[in-house]
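Asks: One structure, pasted below without further comment.
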Amino acid sequence: DAGVTQSPTHLIKTRGQQVTLRCSPKSGHDTVSWYQQALGQGPQFIFQYYEEEERQRGNFPDRFSGHQFPNYSSELNVNALLLGDSALYLCASTPKPGSYNSPLHFGNGTRLTVT
Amino acid sequence: AQSVTQLDSHVSVSEGTPVLLRCNYSSSYSPSLFWYVQHPNKGLQLLLKYTSAATLVKGINGFEAEFKKSETSFHLTKPSAHMSDAAEYFCVVSDLSTSYDKVIFGPGTSLSVIP
């Protein structure tokens, strides 16, 4: 049973560039959430996708956008990269939204470094 | 609104001695509470969860936590630390006001285990 998979594992970009991160949810899950984890901090919620729509959004600027595909996989796009965007980006999946007592299943993350 | 406080940013114990990682929360509703562990450059793994059933919750790898409503606490314990327990630990709260899976992470506690 495949868990949550993310690609790439590491990425180095230059300020001003754009980046796309990818996530495949755990088998049987249809809801994907994205988190940003800066060094030494807890994860911060970016947004959640369900049924190919953004359902919830955290306090992140419009430079952060996403997409969900019919097979439930998801992409996170970040435009006009800033040095402060350097972080570990985590994808998490759940069977469905609205289950506040359902644990999140996390991938290993993508480490983004902006220089 | 919910919030989570992890009282220690860093805890150091000797191998074979007990572990105590402290977590206090605030919630307007009956909360669900989780502990996740994160090893270096890895995603988060669920250790255990409390969802209004038994107040003493047993998790993986010998960890357990006790929900104390009167103290608004959900401290994580383990009788005997192992070297492999060295990692970052996050206490997480969600409740009916969370909407979907926009859970709230604590700032994390880094656990060191001394041989």
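The values are calculated or read from the model by the stated rules, or taken from the named source; none is laboratory data. All of these numbers come straight from a predicted model, not from anything done at the bench. Methodologically, a virtual Cβ is constructed for each residue, glycine included, from the backbone with ideal geometry; neighbour enumeration extends over all protein chains shown. Only protein heavy atoms, including side chains, enter the accessible area calculation; ligands, DNA and RNA are left aside. Shrake-Rupley method; radii C 1.70, N 1.55, O 1.52, S 1.80 Å.
Asks: Somewhere in segment A:92-115, is a residue open to solvent by 40 Å² or more (accessible area, probe 1.4 Å), farther than 15 Å from A:Gln6 by Cβ, more than 14 Å from the chain's Cα centre (by Cα) and of a type in the set (Lys, Arg)?
Replies: yes
Asks: While we're here: Quick check on this structure: which one of A:Ile46, A:Ile12 is in a strand (DSSP E or B) and either of a type in the set (Ser, Thr, Tyr) or open to solvent by less than 30 Å² (accessible area, probe 1.4 Å) (or both)?
Replies: Every option except A:Ile46 fails the conditions.
Asks: Please work out which residue is least open to solvent (accessible area, probe 1.4 Å), limiting yourself to segment A:54-73 and to residues that are at pLDDT 95 or above and of a type in the set (D, E, K, R).
Replies: Taking the candidates together, the pick is A:Arg63.
Asks: Considering only residues that are surrounded by fewer than 17 Cβ atoms within 10 Å (Cβ to Cβ) and of a type outside the set (S, T, N, Q), which ones fall in segment B:27-54?
Replies: B:Tyr29, B:His39, B:Pro40, B:Lys42, B:Leu46, B:Ala53, B:Ala54
Asks: Filter segment A:74-91 down to the residues that are part of a loop (DSSP other than H, G, I, E, B) and open to solvent by less than 20 Å² (accessible area, probe 1.4 Å) and list them by number.
Replies: Correct list: A:Leu81 only.
Asks: Hey, could you check segment A:15-43 for residues that are more than 10 Å from chain B (Cβ to nearest Cβ) and in contact with a Gly (Cβ under 7 Å, 6 or more places away or on another chain) and say which is surrounded by the most Cβ atoms within 10 Å (Cβ to Cβ)?
Replies: The selected residue is A:Cys23.
Asks: Confirm whether B:Ser80 is open to solvent by 30 Å² or more (accessible area, probe 1.4 Å) and under 16 Å from B:Val4 (Cα atoms).
Replies: The answer is no for B:Ser80.
Asks: Residues that are over 24 Å from A:Asn108 (Cα atoms) and of a type in the set (D, E, K, R): find the strands (runs of 3 or more DSSP E) completely inside segment B:25-100 holding 2 or more of those.
Replies: Counting at least 2 such residues, we get B:64-68.
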